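Rule-based calculations on the coordinates, nothing more; no lab input. Quick caveat: nothing in here was measured; it's all calculated off a predicted structure. Here the Cβ positions follow ideal geometry from the backbone for every residue, glycine too, while neighbour counts run over all protein chains shown.
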């Protein structure tokens, strides 16, 4: 029987049917029998910090667990209010209510229980956490508009994951969508600042001649009987409209007059025009540019896909490696190990040549898809091309995860291998720093392949560094 | 055989018989359209030589003052002609111009073309009225956004000779009483079809010569919308153009009524595209001819009546038009009846002699026009002479039938109020108010 657990800094009077956990001591072993977390939102700001700390926890058994608000009122923002899986109306003594809530979360809890007990390194990856949170809940995750985030939209369930950073959720969702791990359905379309990703952009009409946005707008009026055309203001006499040419009063639009067009006049340069230029300026960074230079994004509601459900349950393979795999045919680590063994034996047998093992680590590559969202695949594609041009078809490559690669470079001395790895470094740095002003740090180690070298220990040693 | 008999028939007639059989030519058309043309154009040509210094002085004054000239171009679905017109305007000798195009609710790519020209700086301002209001409203839109001291109105399907703007402005610097100047309108597309060639000859006769003569006699009654220059202060007094069709003739009479002179300048050349099919031409003339009844006989009838503002020249300008076009239109039908009833046996001789007389007159008028227009005549204009033998049939039969039908329809039904040339809502209002 699962029980709810109150997460609070102080435990005053708690009924026996409710567990208690101090926020700093929440841990996986304790959470096995927990139906949901209860967070007191009387002071919603303090409560929100607790919610964030639960969702940011490394253990899926903790961060995926449903959260229920207690003492919630209407003072908290909508995105925080909706971030909870449920609300506890009344106090902790209401055992029936506690049970009803527990049973309503049973399906989610069962899904959490079925997660394999693998290491939780992947759960440190925010994209993976997002995927698992979406997978653990039924239905779509719908966006909510907000002025508290510069992205303008939040997904309440995911919001606690981003409580300390004001970016990334849209990009991560886009990326997961492009990987077919989640599927989006159209909700809206929005413009974002191409410089700082802020959704708060001011669209304003401006003078096509001098760029000023101090414009006067006037409708043109056509009086049918005398063909007089003039600005609306020329016709106004008190509250009625009188033609300045024939002195007749105008009565009904479409019957004795119409308004065929609108004219803008720039108050700065006096230029008159009908098609004002549209300019945008970002409230956040102040950058002004034409609308076509800003990002236009589709805002979607997301639900988990079949592939995503699988990936969320059994771990998401390093995503970059998926792309790299399609370019270079990465081999599995077991196959790599077998090939290493064969190659080491072959070299010892013939003693005619030298082969090298290159170990390459690209740090912060996960930042790429946070920054690029759906466009990350393009960059990963380019990165894969760099790999392909530097490495040879006779090289055997495997990926430990999305940022660590091992390469057996056959018939290659350590010097030549060094040179190849250097070319790889240059290619990656040039690609990323010239296009994104960002280059992942790359470290590498080259070893000569021999039967005396223990592959696993060598790789482990490299990973330790 | 027919020709020999016709010559015998003509040579055997005495003067009285000649007048009896051919009175329309000898008493009316030859006197009004040939002798008068020869005399007036001769005098004009001599005057032009003697006034050479005055023209030079006017040109110096124009360039000294260098006033801004607003070129107004209203049009609907005329996009295909606009680039050539804009090009001809950018090449003008007189440079201080602002070009304003108003699109009167086009439903083709006119707006796209004009916006591109505006971006390229070939026109100064493009205004699109999403709802069609008719040509007068489009011209008035352009006027309200213009700021030039002089206003030049050009039809969108026309283009100008390189010195046309300069030349049309000169009369303003020669006589301060001049309120408006008409430019010479020639046919741009003479080489397109038979119909356009005939119109090429007709325009030389009726506009180049006809309006120069009227102008010299002080009875010019129309400044063509295709190319006309106006003083801005006068247009502002009149609040621009009134509802058409025939708005160019209407505003000319209104300027005359204010006491200003209106003159024709045959050397300010504008080339306009004319209908290239008889059907389209008939529709155009049906519209033009009806406006004669609507404006001269109805709207500006006061010119013909005694009043404090009575002006003999204004009276003559309108009366001459009404007499020679409207009243004498009847003469032809009288004449045809006369020949058919009284002399049916000599029908073929009368027809042939009339044909020769009018053809000869046309040749002479073409020759006068060539002398008057001088250097501005293009080679293809001279080649139009080959089509002169067909002009009597064109003007004498085709245009006459159209004109008679137009007059009848306007008198009996007020047909111009139903013309699709104006939007129906505008036509309804002007018909209700009998404007």
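Is the shape of region A:1-114 rounded, prolate or oblate, going by the alpha carbon gyration tensor and its root eigenvalues a ≥ b ≥ c, with a/c under 1.5 for rounded and a/b larger than b/c for prolate?
In terms of gyration-tensor shape, rounded.
Gain in length, residue B:91 to residue B:279, computed as 0.36 nm per residue apart minus the alpha-carbon separation, to one decimal in nm? Please list the in-between numbers first.
Details: separation 188, 0.36 × 188 = 67.68 nm, distance 3.50 nm.
Contour length minus Cα-Cα distance gives 64.2 nm.
Using the count of nearby Cβ atoms within 10 Å as a rough guide to exposure, how do A:224, A:128 rank from fewest to most?
A:128, A:224
If you average the alpha carbon positions of region A:405-465 and of region A:157-209, how far apart do those two centres end up, in angstrom?
If you average the Cα positions of each part, the centres end up 35 Å apart.
What FRET efficiency would be calculated for the residue pair residue A:443, residue A:296, taking the C-beta separation as r and a Förster radius of 45 Å, to the nearest 0.05? Spell out each step's value before the answer.
Working: r = 38 Å, r/R0 = 0.85.
Given R0 = 45 Å and the Cβ-Cβ separation, E is 0.75.
Once you place label points 7 Å from the Cα toward the Cβ at residue A:363 and residue A:194, how far apart are they in nm?
3.2 nm
Under 15 Å from a point 7 Å along the Cα-to-Cβ line of residue A:214: which residues of region A:264-281 have their amide N that close?
Backbone N within reach: A:265-271.
Let me see the P(r) profile for region B:24-111: every Cα-Cα distance counted, bins of 5 Å, each bin given as a percent of all pairs.
In whole percents, the pair-distance histogram is 3, 11, 12, 11, 9, 10, 12, 14, 12, 6, 0.
Which of the peptides A:245-256, A:170-181, A:80-91 is most tightly packed, and how do the rest follow, judged by the mean count of other Cβ atoms within 10 Å per residue?
Descending mean neighbour count gives A:170-181, A:80-91, A:245-256.
Starting from the Cα gyration tensor of the protein assembly as shown, take the square roots of the eigenvalues, sort them a ≥ b ≥ c, and report rounded, prolate or oblate (rounded when a/c is under 1.5, otherwise prolate if a/b is larger than b/c, else oblate). Provide the component values of the computation, followed by the final result.
On the way: a/c = 3.75, a/b = 2.55, b/c = 1.47.
It is prolate, given that a/c is not under 1.5 and a/b is the larger ratio.
By how many nm would the segment from residue B:149 to residue B:15 grow when fully extended, if each residue of separation counts as 0.36 nm and the alpha-carbon distance is taken off? Each step should come with its number before you reach the end.
Details: separation 134, 0.36 × 134 = 48.24 nm, distance 5.68 nm.
Taking residue B:149 through residue B:15 to full extension adds about 42.6 nm, to one decimal.
Counting DSSP beta bridges with both partners in the protein assembly as shown, what percentage is antiparallel, nearest 5? Don't skip to the answer; put the middle values down first.
Values: 68 of 108 bridges.
If I count the DSSP bridges inside the protein assembly as shown, around 65 percent turn out antiparallel.
Would you mind getting me the FRET efficiency between residue B:50 and residue B:332? Use the beta-carbon distance for r and R0 = 41 Å, nearest 0.05. The partial results should precede the final answer.
Details: r = 40 Å, r/R0 = 0.98.
Efficiency for this residue pair is about 0.55.
For every helix of n ≥ 4 consecutive DSSP H residues, a contribution of -39,500 (n - 2.57) applies; sum these over chain B, divide by its total residues, and give [θ] at 222 nm rounded to the nearest 500 deg cm²/dmol. Walk me through the numbers on the way to the answer.
Working: 19 runs with 212 residues, N = 435.
Rounded to the nearest 500, the figure is -15000 deg cm²/dmol.
For a Förster distance of 45 Å, can you work out the FRET efficiency between the beta-carbons of residue A:382 and residue A:59, rounded to the nearest 0.05? All intermediate terms of the calculation are to be shown ahead of the outcome.
Working: r = 36 Å, r/R0 = 0.79.
After rounding to 0.05, the efficiency reads 0.80.
Across the residues of A:259-272, average count of Cβ atoms on other protein chains within 10 Å?
Values: counts 3, 13, 10, 1, 4, 0, 1, 0, 0, 0, 0, 0, 1, 4.
Rounded to a whole number, the mean comes out at 3.
Please list A:279-285, B:10-16, B:217-223 highest first by mean number of surrounding beta-carbon atoms within 10 Å per residue.
Working: A:279-285: 16.6, B:10-16: 10.4, B:217-223: 21.1.
Descending packing order for the listed peptides: B:217-223, A:279-285, B:10-16.
Let me know the shape class of chain A, please: from the alpha-carbon gyration tensor, a ≥ b ≥ c as square roots of the eigenvalues, rounded when a/c is under 1.5, otherwise prolate if a/b is greater than b/c, or oblate. If you can, show how the numbers build up before the last one.
Numbers: a/c = 3.42, a/b = 1.45, b/c = 2.36.
It is oblate, given that a/c is not under 1.5 and a/b is not larger than b/c.
Could you give the nm distance between label points at residue B:217 and residue A:25, where each point is 7 Å from its Cα heading toward the beta carbon?
Inter-label distance under the simple model: 12.0 nm.
Using only Cα atoms, tell me the angle between helix B:2-11 and the longest principal axis of chain B; keep it within 0 to 90° and round to the nearest 10.
So the inclination is approximately 80 degrees.
Determine the distance separating the Cα centre of region B:165-226 from the Cα centre of region A:23-98; give it in Å without decimals.
90 Å
Can you give the extra length, in nm with one decimal, that the chain gains between residue A:277 and residue A:89 once fully stretched, where that is 0.36 nm per residue apart less the Cα-Cα distance? Show your work: numbers first, answer last.
Details: separation 188, 0.36 × 188 = 67.68 nm, distance 5.37 nm.
Extra length available between residue A:277 and residue A:89 comes to 62.3 nm.
I'd like the mean, over residues of B:128-137, of how many other protein chain beta carbons sit within 10 Å of each residue's own Cβ.
Working: counts 4, 8, 7, 7, 3, 10, 3, 1, 5, 10.
For peptide B:128-137, the averaged partner shielding equals 6.
What average count of beta carbons from other chains do you get within 10 Å of the Cβ of residues in A:214-226? Working shown, then result.
Values: counts 0, 0, 0, 0, 0, 0, 10, 0, 13, 6, 15, 8, 12.
Taking all residues of A:214-226 together, the mean is 5.
Over all directions, the average projected area of the alpha-carbon convex hull for chain B comes to how many nm²? Could you put the intermediate results ahead of the total?
Numbers: hull surface 89.0 nm².
With every direction weighted equally, the projected area is 22.2 nm².
Label residue B:420 and residue A:337 with points 7 Å out from Cα along Cα→Cβ: what is the distance between them in nm?
Distance between the two pseudo-spin positions: 8.6 nm.
Just to confirm my numbers, what's the Cα centroid distance between region B:39-115 and region B:292-366 in Å?
Here the two parts' Cα centres lie 33 Å apart.
Provide the packing ranking of B:286-295, B:402-411, i.e. peptides ordered by the mean count of other C-beta atoms within 10 Å per residue, highest first. Don't jump to the answer; show the numbers that get you there.
Values: B:286-295: 22.2, B:402-411: 18.2.
Answer by packing, highest mean first, reads B:286-295, B:402-411.
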